[in-house]
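Reading through the structure tokens given below for one structure.
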Amino acid sequence: MSDISALHAALVTRVLDGNGQAPAYLRRAAFNNSGLDSPLSELVDKVVHHAYAVTDQDIASASAAGLSEDQIFEVVVCAAVGAATRQYQSGLTALDAAAVVK
Amino acid sequence: MRLSILERGHSIRNKALLGLIRLVSRHPVVDAVKLALYRPDFYPAGGLTQEAMRGPSEWTVADRELMAAFVSKVNRTEFCVLAHTATSSMAYDDADKVSAALADLDSSPVEEPLRSTLKMLGKLTEEGDLEAADVRSALEAGASPQQVKDALAVAFAFNLTDRLADTFGFSVADRAAIQAGAKYLLARGYG
């Protein structure tokens, strides 16, 4: 059967600890959507909760705060991987609980 | 796209590959491919998506493509909705069934356990988490625990991809490019 667990763990390690241009603390904060200052906190929160509402201005604000395009790229990837990971883990936990009861 | 590096910042090797894709497909390269070829050392999501979408599963490829379209619809990610609606429609050879499922799952001809599994994925995507009772509904409708796990993997891949598509501002491809992309995804996958 298909199994993404090893690929998922490798992806998380890669985006958090692999070579990158954004400092590791910033990538981790984006992944957790926690501990970021404005305007990056607004951008990351949108990526996590309603990415369809992200605007050109959100990216321009991150850029004006001093981040390069590659750093913005990395921060956004970390935020998206973090949010999707929390959803995935919630699903797996619910499956464990449901399968035990069943 | 909102970051110029995703349009023009690729390595020389991948710039050449993008040119070749343009030449062979005779369509502009869709933004999903430009993202996949930008710094795959940092963001190597292709292998995971391939495993979720094409790895061994009790779900068919068509079912998983419908899940991808369904999750993307809840996320309001137009690029991915169109791409995976086309791919699922082609794989089922039934566009009506796919559009009915996306328009109103309850009145659509989608059978169990796929219907309850889609509902479960919809809730996970909309609300961000699931309770045991949500999973139990899918299990009681006939999904195996492994099928639920496989569906959660599809949801992971698209809850990630949709966020990137929307944040980076993927342009919606034209109809011919979407159809060509669907054919490619069925023939070659995501790897």
Of the criteria (1) within 10 Å of chain B (Cβ to nearest Cβ); (2) touching a residue at least 24 places away in the same chain (Cβ under 8 Å); (3) not aliphatic (A, V, I, L, M), which one A:THR55 fails:
(2)
Only one residue in A:ALA79, A:ALA30 is closer than 16 Å to B:LEU160 by Cα, at pLDDT 95 or above and in contact with a Cys (Cβ under 7 Å, 6 or more places away or on another chain). Which one?
A:ALA30
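Table: residues versus (1) open to solvent by 50 Å² or more (accessible area, probe 1.4 Å); (2) touching a residue at least 60 places away in the same chain (Cβ under 8 Å); (3) charged (D, E, K, R); (4) within 14 Å of another protein chain (Cβ to nearest Cβ).
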site	(1), (2), (3), (4)
B:LEU6	no, yes, no, yes
B:GLY9	no, no, no, yes
B:ILE12	yes, no, no, no
B:ALA16	yes, no, no, no
B:VAL29	no, no, no, no
B:LYS34	no, no, yes, yes
B:GLN50	yes, yes, no, yes
B:THR60	yes, no, no, yes
Wholly enclosed helices (runs of 4 or more DSSP H) of the stretch B:63-131 bearing at least 2 residues closer than 17 Å to B:ALA32 by Cβ:
B:78-92
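Per-residue answers, yes or no, for (1) at pLDDT 95 or above; (2) part of a helix (DSSP H, G or I):
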{"position": "B:LEU152", "(1), (2)": "yes, yes"}
{"position": "B:PHE156", "(1), (2)": "yes, yes"}
{"position": "B:LEU160", "(1), (2)": "yes, yes"}
{"position": "B:LEU164", "(1), (2)": "yes, yes"}
{"position": "B:THR167", "(1), (2)": "yes, yes"}
{"position": "B:PHE170", "(1), (2)": "yes, no"}
{"position": "B:ALA176", "(1), (2)": "no, yes"}
{"position": "B:GLN179", "(1), (2)": "no, yes"}
{"position": "B:TYR190", "(1), (2)": "no, no"}
How many of the residues making up the stretch A:27-64 are outside any helix (DSSP H, G or I) and loosely packed, with under 14 Cβ neighbours inside 10 Å?
6
Assuming B:MET67 fulfils every condition listed in (1) within 13 Å of chain A (Cβ to nearest Cβ); (2) at pLDDT below 95 apart from one, which condition is it?
(2)
Among the residues of the stretch B:107-156, count how many are crowded, with 24+ Cβ neighbours inside 10 Å, within 8 Å of another protein chain (Cβ to nearest Cβ) and touching a residue at least 60 places away in the same chain (Cβ under 8 Å).
4
For the stretch B:1-60, the count of residues that are among the polar types (S, T, N, Q), assigned to a helix (DSSP H, G or I) and out of contact with any helix residue (DSSP H, G or I) (no Cβ under 8 Å at 6 or more places or on another chain) equals 2
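The values are calculated or read from the model by the stated rules, or taken from the named source; none is laboratory data. In this text, all values refer to a predicted model and were calculated from it rather than measured experimentally. Please note: Cβ atoms are built from the backbone with ideal geometry, for glycine as well, and neighbour counts cover all protein chains shown. The accessibility values were calculated without ligands, DNA or RNA, using every heavy atom of the protein model including side chains. Shrake-Rupley method; radii C 1.70, N 1.55, O 1.52, S 1.80 Å.
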